[in-house]
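Right, one structure below, let's go through it.
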Amino acid sequence: MIGLTACSLPIPGKAQQNLFNVPSSEITQENTVFFQQQFNFAKSDTSNTTIDYGLGNNLEVGINLFNVNLYTPSDTVANPNFLLNFQKAFNITAAYKISFGTQTGFTPPVHNNSLQIPSFSYFSNAVDWARLGKYYLGAYYANSAYAGSNDAIGLMAGVELPMLENKVHLMGDLLSGNNDIGVAVIGLVFYLSDNWQLSIGAQLPPPNSHNDFGTVFEITKL
């Protein structure tokens with residue numbers, strides 16, 4: 001898929017910018033590159049790719065290619081999202097940080113002529129208690145081009161708990177809201193050799209949501 005070529009970029013950053021769907025508040029180290037590739041298998045199978053570059057001073061910028069449909073194109077397939085992103089973090093204590101960021105861009109007219117400007121912005125709190133786990137809580141705003149109709153504002157939450165420390169962790173996250181992005185994912189992250197991670201999760205729609213059950217696979221290069 002597209003984005004997998006990014007694995008050849010030099011000097012990978014040591015961060016995991018997303019759990020499954022919730023930003024982790026980790027920032028790519030200065031002058032390094034971070035890569036993450038996600039596949040979502042549900043009613044519609046899609047690919048999401050993130051590449052970020054660390055600018056230093058707890059700031060990163062990058063690009064996302066989201067919602068790339070893996071089916072044969074048809075009139076009902078939505079265009080992908082090409083987004084520019086940035087995230088800024090502030091270390092409050094050794095264990096606690098806050099961050100804010102945005103992902104904003106446009107929909108290339110790949111499958112139809114509909115040109116939109118999707119945007120997702122967020123604020124997050126992150127606590128890292130080492131062997132006791134990492135915890136995330138924040139809020140987001142997403143316009144209709146990004147999240148569809150209904151709720152534009154929602155909560156973000158996430159957790160990562162060591163089962164076998166730095167080998168296998170339990171990981172889950174939630175985007176609340178009655179919209180196209182409202183979903184919970186729970187699964188495992190496997191720490192592999194050479195700073196690779198493999199994450200596998202079950203996608204669970206919130207109550208009264210029209211979203212689908214599914215499976216998420218995520219490949220991360222730290």
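The values are calculated or read from the model by the stated rules, or taken from the named source; none is laboratory data. A quick note: this is a predicted structure, and the numbers were derived from the prediction, not measured. Glycine also receives a Cβ, built like all others from the backbone with ideal geometry; neighbour counts cover every protein chain displayed. Surface areas here come from the heavy atoms of the whole protein model, side chains and all, with no ligands, DNA or RNA. Shrake-Rupley method; radii C 1.70, N 1.55, O 1.52, S 1.80 Å.
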Relative contact order %, the chain, counting alpha carbon pairs below 8 Å whose residues are six or more apart:
16
Taking the Cα centre as origin and putting +1 on Lys and Arg beta-carbons and -1 on Asp and Glu beta-carbons, what dipole magnitude results for the chain, to the nearest 20 debye?
260
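Restrict the search to region 133-222; then list the GluC sites (Glu not before Pro) that DSSP places in a loop and that have at most 14 other Cβ atoms within 10 Å of their Cβ.
Qualifying residues, ordered by number: 165.
Hull surface divided by four, with the convex hull built on the Cα atoms of the chain: how many nm²?
Mean projected area of the Cα convex hull: 11.5 nm².
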Checking the cross-link filter: which aspartates and glutamates have an alpha carbon closer than 18 Å to that of residue 134, excluding same-chain neighbours under 8 positions apart?
26, 160, 165, 173
Karplus couplings for region 105-114 from phi (6.51 cos²θ - 1.76 cosθ + 1.60, θ = phi - 60°), rounded to Hz, Gly and Pro as x?
x, 8, 9, x, x, 6, 9, 8, 8, 6
Springs between alpha-carbon atoms under 10 Å, Gaussian network over the chain: tell me which of 108, 162, 207 tops the mean-square fluctuations.
207
In whole Hz, the Karplus estimates of ³J(HN,Hα) for region 153-162 (6.51, -1.76, 1.60; θ = phi - 60°; x where Gly or Pro) are 10, x, 9, 10, 8, x, 8, 9, 10, x
To the nearest Å², the heavy-atom accessible area per residue of the chain with 1.4 Å probe amounts to 49
What are the equivalent ellipsoid semi-axes of region 23-109, built from the alpha-carbon gyration tensor (square roots of five times its eigenvalues), in whole angstrom, biggest first?
30, 13, 11
Based on Cβ point charges of +1 for Lys and Arg and -1 for Asp and Glu, what charge dipole magnitude is obtained for region 128-222 about its Cα centre, in debye rounded to the nearest 20?
180
Placed amide H near residue 192: partners under 5 Å, 5+ positions off or other chain
197, 198
On the accessible surface of region 75-130, probed at 1.4 Å, how many percent belong to carbon and sulfur atoms?
66
Considering only DSSP states other than H, G, I, E and B, which chymotrypsin sites (Phe, Trp or Tyr not before Pro) in region 12-72 qualify as loop sites with at most 12 other Cβ atoms within 10 Å?
71
For region 135-222, what % of the accessible area comes from carbon and sulfur atoms, probe 1.4 Å?
64
